[in-house]
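Report on one structure; see the data block that follows.
Rule-based calculations on the coordinates, nothing more; no lab input. Note that the coordinates shown come from a computational prediction; the quantities given were computed from them, not determined experimentally. Note that each Cβ is placed from the backbone with ideal geometry, even for glycine, and that neighbours are counted across all protein chains shown.
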């Protein structure tokens, strides 16, 4: 569903893109960071559910999957009237995916090392 939302937002023309005027020129950056950070996190949690392990390789896999989707989405966006595909957007998507997946892995691996309190 999250990927469908990203696809839908990329299908909108520039005039149809929801305006977050309070972000000013940062709107695009925050949008990419938010969307692809969440996407990488969802990929990573899905992998954990499948393998029940908080391994770093799952974080890498989640970041790679989200980054590849970001590249494909930039390609898709290049066919939308009034929109363009940029290397910088793909780079921001990749950075957001790596940061989110790594942070989530650090939190989960730390959480698993904390011994449970005994009554």
Task: the range 28-113 - Rg and Dmax from Cα coordinates, angstrom - done: 13.9, 51
- [ ] Note down the nm distance, to one decimal, between modelled labels 7 Å out along Cα→Cβ at residue 9 and at residue 86.
- [x] 1.6 nm
- [ ] With an 8 Å cut-off on Cα pairs and a minimum separation of 6 or more residues, tell me the relative contact order of the range 28-113 in percent.
- [x] 45 percent
